[in-house]
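Q: Attaching a single structure in structure tokens format; questions to follow.
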Amino acid sequence: MIDSLINFLILGTIQGSIYALLAMGFSLVYGVGGILNQAHGAFYLITCYLFYWCYINLGGFGLIVGIVVGLIVVTVVGGLVYILLVKPLKDSHVGVVIVTFAFAFLIEQVVKVSVDPLYHSMPLLIEGSINVFGVKVLNHYILVVVASLVIVTLITLFINKAKIGKSIRAVAQDAEAASLMGINVDRILAYTVMISAFLAGIAAILYVPIDIVAPHIGWSILINSFAIVVLGGLGSLPGSVLGAFIMSYANAFVNFILFMPEISALIPIVVILFMLILRPRGLFGKKEID
Amino acid sequence: MRIIIKKIAEFPSNFQSYFRDWISTFRAKVTVICLIGLSLVPLLTQNPYFLGIFTTFMIFTIFAASWDFLAGFVGQVSFGQAVFLGVSGYVTAYLIRYLSFPWWLSLVIGSIIAVIFGLIIGIPALRLKGPYLALGTLAMSLIMYQVFLMGSLATMWENAFGTNLFGAEGVSQITPISSDTVVEYFATFLIMSVSLLILTHITKSNVGTIFKAIRDDETGTSASGINTTKYKILAFMISGLFAGVAGGLFAMRFRGVNPGVFQPLYSFYAIIIAAMGGLATISGSAIGALIFVFLGEILRDTQDLSLLIFSIILILFIRFAEHGLLKPTLERIQELWDIVLGR
Amino acid sequence: MGVILEVKNLTKKFSGLTAVNDFSFEVRRGEFTGLIGPNGAGKTTLFNLISGHEKPSSGTIRFDGRDITGMKPHQIVNLGIARTFQLVRSFRFMTLLDNIAVSCLSPRGKKVAKEYGIDEYASSILAAVGLVDKARIPPIILPHGDLRKLQIGKALGTNPQLLLLDEPFSGLSHEEQKGITDLIIKLHDDGVTVFMTGHVLRELMHLVPRVVAMHQGKYITEGPPQEVANNKIVLEAYLGKGSEQLA
Ligand SMILES: Nc1ncnc2c1ncn2[C@@H]1O[C@H](COP(=O)(O)OP(=O)(O)OP(=O)(O)O)[C@@H](O)[C@H]1O
Ligand SMILES: [Mg+2]
């Protein structure tokens with residue numbers, strides 16, 4: 001009983017930290033550009049497999065190369081997705097939705113064809129564990145929580161203090177007014193998608209060592225990000241962080257307290273449906289969905 | 001507003017003149033030629049393998065047309081079309097396998113249940129617009145996939161009813177429409193023709209006008225005094241009906257279904273087929289499905305590679321050729337036609 | 001001549017801003033009334049509240065003696081209030097005929113349209129607004145003036161008793177304004193109650209016998225346009241916004 005309670009707390013916190021990174025990026029792109037990026041899970045997948053590929057082919061040293069390459073590539077891909085696919089179709093909601101969906105599919109197939117369609121696992125980024133009140137806690141877990149805490153803080157500071165961050169907020173408020181003020185809206189949107197892709201990349205690197213590597217995981221990442229953002233309120237960054245932890249504790253509760261891992265995949269849809277029916281603007285959202 | 005009513009123009013009012021007008025158009029001639037051509041295929045070959053491919057192509061045509069109806073004419077982009085396909089597929093398969101219902105009755109019941117799912121999806125979908133709807137429906141199909149995959153449900157069901165419904169195997173060993181592939185071919189052909197006819201007719205009717213209005217401007221439609229909620233639900237039910245028809249046929253064609261039919265993959269198939277044919281065309285789905293099924297057959301041994309190619313095709317079509325193939329092709333053929341006739 | 005529209009203590013708050021503030025007024029059946037106020041006065045918001053596109057924070061709206069506060073837009077249309085939008089909206093990929101037909105297919109429009117046939121009825125409306133020769137083309141290729149006419153045509157398709165026109169002249173040339181003016185006068189003569197906004201006083205001056213003035217969401221005054229134009233608060237409101245709108 002105590003064991004499962006501790007598992008619940010630890011794994012809920014870990015997953016919450018990861019989800020926070022994912023949902024923050026997803027929400028940011030929506031809040032700034034009105035784009036619901038169906039390829040968000042694909043960003044995760046790209047980093048995940050680059051990381052894995054480097055590790056397999058370059059050994060222990062490959063972990064570091066994998067992190068660097070994975071993050072750089074995914075950020076660039078994020079920019080390219082915006083410039084080549086989303087921007088030309090911006091006037092057509094249907095077009096953006098389908099094209100990012102197709103891109104997500106494409107990445108899944110590229111992974112299957114170029115690597116393989118099987119499940120794999122990765123080693124922890126740092127070995128060892130420490131004892132907290134008699135409970136063994138992996139050092140990697142601590143890394144995950146600390147790293148994501150730092151990154152969430154940095155991104156929040158960046159958006160609120162840095163010059164680009166201010167432009168991002170201006171575009172989020174009123175793109176037309178921002179462009180009249182001389183802000184290049186397309187460039188800001190490209191940056192926003194890149195930030196979001198980068199965050200998804202970080203999430204992948206932190207989470208993959210304790211999760212699986214498989215071609216289909218992008219979809220559950222996408223659905224979970226969507227559910228969290230619907231829960232926290234579309235476009236609200238604090239909302240997505242809070243939503244991330246609510247979701248992950250709910251998930252951990254089902255897994256470690258109720259022992260019903262099978263239904264944990266149902267949580268996001270239940271959350272989505274409930275929120276959309278009961279409170280469509282989410283916990284923190286300012287505007288209703290329209 | 002008494003003064004403004006004057007009779008301005010004549011409109012064809014009865015079916016005969018409507019039909020005469022229709023058949024005189026170039027599109028109608030092409031449609032008729034295509035249908036005749038398709039009905040002649042079994043005369044050329046009775047090879048079950050070939051006829052089977054054609055049957056598959058026709059099933060996918062119905063499925064993609066049901067998506068195109070919803071997205072192209074009502075503006076509701078669903079990524080969960082697979083839900084209808086799967087639900088009806090499961091019901092049809094189950095009724096045939098365990099209750100020994102005749103295939104047509106199973107198909108009808110399966111499709112009706114898909115309509116009910118149209119209602120179930122339609123109601124929350126009313127709160128969702130544009131991309132939310134897409135993601136919401138995607139989530140819905142993933143959930144169906146998970147539910148049907150559940151091992152615990154499988155055991156529970158088996159203990160309660162002694163049959164297999166849930167679980168990875170799905171419902172298998174279904175008898176097809178007929179052991180004679182020619183009969184199977186013609187049954188599917190008939191169902192496809194009728195489905196496309198009804199869908200096309202709906203888009204041209206008064207209800208279709210309202211659907212298109214919702215697609216173009218939902219707020220404006222409500223300002224025109226239309227209860228958009230009612231019509232959106234109706235659209236989901238119609239779309240569900242035909243996707244359900246495709247699902248039942250699918251189950252019989254492949255002798256069974258498994259949870260895989262609920263995957264986003266099948267929704268993706270519908271989208272790529274409709275996009276290749278051209279959005280908002282209904283019959284364009286036939287061209288898209290033809291390419292899709294035959295290309296898929298050629299790349300059969302490398303399924304992942306073929307999906308990779310299809311993803312690229314879809315991206316290119318949406319990005320560069322939003323009209324798809326149907327309209328441009330018809331225009332080319334018409335030019336040729338005019339030249340041949342020396343006009 | 002009974003009261004057809006009665007607005008009482010209507011208030012609409014957006015986060016941090018009260019766009020319509022404790023607003024009350026009446027429109028009588030068959031009247032031709034204007035609503036004036038400088039940019040941002042809250043005119044469009046008031047229209048949105050009446051037509052059901054926004055929900056009021058408080059207050060009531062009665063139409064024909066019936067409380068319609070909080071009803072859905074389509075329900076309100078079917079009681080007999082039709083509106084146009086300041087930013088023109090149309091069904092972009094449908095023919096003009098079909099654009100009108102949508103309104104004729106509403107329950108209220110249909111009652112009349114059925115007698116004549118939907119398409120005939122829709123095309124007679126197109127004729128009335130002067131677009132019948134363009135019946136088969138989609139609105140994306142129309143000039144702005146025609147789009148304004150189309151707006152009115154779409155409203156007429158629902159067979160309204162009360163027509164709310166939000167800035168029907170905005171963005172139009174002099175010629176085009178004249179066409180719309182004639183159309184509106186014709187409709188009013190035909191028995192439709194008309195309530196229209198304008199932020200340029202001059203446009204309404206010679207058209208309507210009575211205007212209601214609004215500023216920062218509040219009711220200021222009402223009366224014949226000449227009188228209202230000389231009202232001190234109205235003058236100040238407009239002067240604050242630049243006097244060219246007054247002239
Ligand atoms: N949805 C909304 N959310 C927040 N504020 C709004 C909203 N709609 C309108 N406003 C604000 O309410 C005020 C009144 O706007 P409204 O459009 O009603 O004015 P108006 O009189 O129609 O002006 P104009 O002459 O420019 O058409 C403005 O300050 C506007 O910014
Ligand atoms: Mg206005």
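The values are calculated or read from the model by the stated rules, or taken from the named source; none is laboratory data. Not measured: the values here are computed from a predicted model. We place every Cβ from the backbone using ideal geometry, glycine too, and count neighbours over all the protein chains shown.
Q: Confirm whether C:Ile233 is surrounded by 14 or more Cβ atoms within 10 Å (Cβ to Cβ) and more than 15 Å from ligand 2 (Cβ to nearest atom).
A: Here the answer is no, as C:Ile233 does not meet what is asked.
Q: Restricting the first residue to segment C:38-58 and requiring it to be touching a residue at least 60 places away in the same chain (Cβ under 8 Å), which pairs with a second residue that is assigned to a helix (DSSP H, G or I) and more than 8 Å from ligand 2 (Cβ to nearest atom) meet a Cβ separation below 7 Å and a spacing of at least six or different chains?
A: Partner pairs satisfying both residue conditions: C:Pro38/C:Ala237; C:Pro38/C:Tyr238; C:Pro38/C:Gln245; C:Ser51/B:Ala223; C:Ser51/C:Pro73; C:Ser51/C:Ile76.
Quick grid of which residues meet (1) farther than 21 Å from A:Trp219 by Cβ; (2) within 14 Å of chain B (Cβ to nearest Cβ); (3) surrounded by fewer than 14 Cβ atoms within 10 Å (Cβ to Cβ):
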| site | (1), (2), (3) |
| --- | --- |
| A:Leu106 | no, yes, no |
| A:Lys112 | no, yes, no |
| A:His120 | no, no, no |
| A:Gly128 | yes, no, yes |
| A:Tyr141 | yes, no, no |
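Q: Which numbered condition in (1) modelled with pLDDT under 90; (2) surrounded by 15 or more Cβ atoms within 10 Å (Cβ to Cβ); (3) more than 30 Å from B:Leu305 (Cβ to Cβ); (4) not hydrophobic (A, V, I, L, M, F, W, C) is the only one that A:Gly95 fails?
A: (3)
Q: I'm trying to understand the selection: among the residues of segment C:166-202, which are polar (S, T, N, Q) and within 14 Å of ligand 1 (Cβ to nearest atom)?
A: C:Ser170, C:Thr197
Q: Let me confirm something: among C:Leu165, C:Leu131, C:Leu183, which residue is within 14 Å of chain B (Cβ to nearest Cβ) and touching a Ser or Thr at 6+ places or on another chain (Cβ under 7 Å)?
A: On the way: C:Leu131 fails: touching a Ser or Thr at 6+ places or on another chain (Cβ under 7 Å); C:Leu183 fails: touching a Ser or Thr at 6+ places or on another chain (Cβ under 7 Å).
Checking each option against the conditions leaves just C:Leu165.
Q: Residues in segment B:136-195 that are in a loop (DSSP other than H, G, I, E, B) and in contact with a Phe, Trp or Tyr (Cβ under 6 Å, 6 or more places away or on another chain): how many?
A: 5
Q: Which of the following residues is within 16 Å of ligand 2 (Cβ to nearest atom), under 22 Å from C:Gly217 (Cβ atoms) and not basic (Lys, Arg): C:Phe63, C:Phe23? Before you say what the answer is, go through the steps one by one.
A: Numbers: C:Phe63 fails: within 16 Å of ligand 2 (Cβ to nearest atom).
Exactly one residue qualifies, and that residue is C:Phe23.
Q: Okay, moving on. Taking interchain pairs and intrachain pairs at least six residues apart, which have beta carbon atoms under 7 angstrom, with the first residue in segment B:21-46 and under 18 Å from B:Trp337 (Cα atoms) and the second surrounded by 13 or more Cβ atoms within 10 Å (Cβ to Cβ) and among the β-branched types (Val, Ile, Thr)?
A: B:Val30/B:Ile333
Q: Answer with yes or no whether B:Gly277 is modelled with pLDDT under 85 and crowded, with 24+ Cβ neighbours inside 10 Å.
A: For B:Gly277, the condition - modelled with pLDDT under 85 and crowded, with 24+ Cβ neighbours inside 10 Å - is not met.
Q: For segment C:1-47: of the residues being within 16 Å of ligand 1 (Cβ to nearest atom), more than 24 Å from C:Pro209 (Cα to Cα) and of a type in the set (S, T, N, Q), which is surrounded by the most Cβ atoms within 10 Å (Cβ to Cβ)?
A: Residue satisfying both the conditions and the ranking: C:Asn21.
Q: Restricting the search to segment B:135-186, which residues are among the hydroxyl-bearing types (Ser, Thr, Tyr) and within 27 Å of B:Phe268 (Cα to Cα)? Can you show your working first?
A: Quick first cut of segment B:135-186, residues among the hydroxyl-bearing types (Ser, Thr, Tyr) only: B:137, B:141, B:145, B:152, B:155, B:163, B:172, B:175, B:178-179, B:181, B:185.
Matches in segment B:135-186: B:Thr137, B:Ser141, B:Tyr145, B:Ser172, B:Tyr185.
Q: Where in segment A:1-89 are there helices (runs of 4 or more DSSP H), lying wholly inside it, with at least 3 residues that are within 24 Å of A:Gly233 (Cα to Cα) and of a type in the set (Gly, Ala, Ser)? Outline the logic, then answer.
A: Working: elements: A:2-33, A:40-58, A:60-80.
Hits in segment A:1-89: A:2-33.
Q: Between a residue in segment B:187-199 that is free of Cβ contacts under 8 Å to residues at least 24 places away in the same chain and any residue that is buried (at least 20 other Cβ atoms within 10 Å of the Cβ), which pairs come within a Cβ distance under 6 Å, given they are 6 or more apart or on different chains?
A: Every condition considered, the pairs that remain are B:Ala187/B:Ile177.
Q: Any residue in segment C:148-160 that is within 16 Å of ligand 2 (Cβ to nearest atom), away from chain B (no Cβ under 13 Å), at pLDDT below 90 and buried (at least 23 other Cβ atoms within 10 Å of the Cβ)? Full working, then the answer.
A: Step one: filter segment C:148-160 for residues within 16 Å of ligand 2 (Cβ to nearest atom), giving C:148, C:151.
So of that shortlist, the ones also away from chain B (no Cβ under 13 Å) come out as C:148.
Filter once more, keeping what is at pLDDT below 90: none.
No, because not a single residue in segment C:148-160 is within 16 Å of ligand 2 (Cβ to nearest atom), away from chain B (no Cβ under 13 Å), at pLDDT below 90 and buried (at least 23 other Cβ atoms within 10 Å of the Cβ).
Q: Follow-up question, since we're still on this one. Checking C:Leu183 against (1) in a helix (DSSP H, G or I); (2) within 21 Å of B:Gly225 (Cβ to Cβ); (3) touching a Pro at 6+ places or on another chain (Cβ under 7 Å), which single condition isn't satisfied?
A: C:Leu183 satisfies all of (1) in a helix (DSSP H, G or I); (2) within 21 Å of B:Gly225 (Cβ to Cβ); (3) touching a Pro at 6+ places or on another chain (Cβ under 7 Å) except (3).
Q: Exactly one of (1) in a helix (DSSP H, G or I); (2) farther than 13 Å from C:Ile36 by Cα; (3) within 16 Å of ligand 2 (Cβ to nearest atom); (4) not hydroxyl-bearing (Ser, Thr, Tyr) is unmet by C:Glu203. Its number?
A: (2)
Q: Regarding C:Leu239, is this residue away from ligand 1 (no atom under 14 Å from the Cβ) and at pLDDT below 90?
A: Yes; evaluated as a whole, the condition is true for this residue.
Q: Search segment C:206-230 for residues being away from ligand 2 (no atom under 16 Å from the Cβ) and under 16 Å from the mean Cα position of the chain (by Cα), and hand back the single one that is farthest from C:Leu10 (Cα to Cα).
A: Ranking the qualifying residues of segment C:206-230, first place goes to C:Leu207.
Q: Just one of the numbered conditions (1) under 18 Å from the mean Cα position of the chain (by Cα); (2) modelled with pLDDT of 90 or more is not true of A:Phe101; which one?
A: Result: A:Phe101 fails condition (2) only.
Q: Check off (1) free of Cβ contacts under 8 Å to residues at least 24 places away in the same chain; (2) buried (at least 16 other Cβ atoms within 10 Å of the Cβ) for B:Ala286 and give me the number that stays unchecked.
A: (1)
Q: Filter segment B:200-217 down to the residues that are within 14 Å of chain C (Cβ to nearest Cβ) and without any contact (Cβ under 8 Å) to a residue 24 or more places away in the chain, then identify the one that is surrounded by the most Cβ atoms within 10 Å (Cβ to Cβ).
A: Looking at residues that are within 14 Å of chain C (Cβ to nearest Cβ) and without any contact (Cβ under 8 Å) to a residue 24 or more places away in the chain, I get B:Ala213.
Q: Also, quick follow-up: Based on this model, can you work out whether C:Gly70 counts as farther than 16 Å from C:Val211 by Cα, more than 11 Å from ligand 1 (Cβ to nearest atom) and in contact with a strand residue (DSSP E or B) (Cβ under 8 Å, 6 or more places away or on another chain)? Spell out how you get there, then give the answer.
A: Numbers: farther than 16 Å from C:Val211 by Cα: yes; more than 11 Å from ligand 1 (Cβ to nearest atom): yes; in contact with a strand residue (DSSP E or B) (Cβ under 8 Å, 6 or more places away or on another chain): no.
Considered against the rule, which asks whether it is farther than 16 Å from C:Val211 by Cα, more than 11 Å from ligand 1 (Cβ to nearest atom) and in contact with a strand residue (DSSP E or B) (Cβ under 8 Å, 6 or more places away or on another chain), C:Gly70 comes out as no.
Q: Further question: Could you say which residue among C:Thr84, C:Thr69, C:Thr95 is within 16 Å of ligand 2 (Cβ to nearest atom) and either within 12 Å of another protein chain (Cβ to nearest Cβ) or modelled with pLDDT under 95 (or both)?
A: Testing whether each residue is within 16 Å of ligand 2 (Cβ to nearest atom) and either within 12 Å of another protein chain (Cβ to nearest Cβ) or modelled with pLDDT under 95 (or both) leaves just C:Thr84.
Q: Okay, next question. Can you find a residue in segment A:121-143 that is part of a strand (DSSP E or B), within 21 Å of A:Val213 (Cα to Cα) and modelled with pLDDT under 90?
A: Yes, the conditions are met somewhere in segment A:121-143.
Q: Sticking with this one: How many residues are away from ligand 2 (no atom under 16 Å from the Cβ) and buried (at least 17 other Cβ atoms within 10 Å of the Cβ) if we restrict to segment C:161-176?
A: 4
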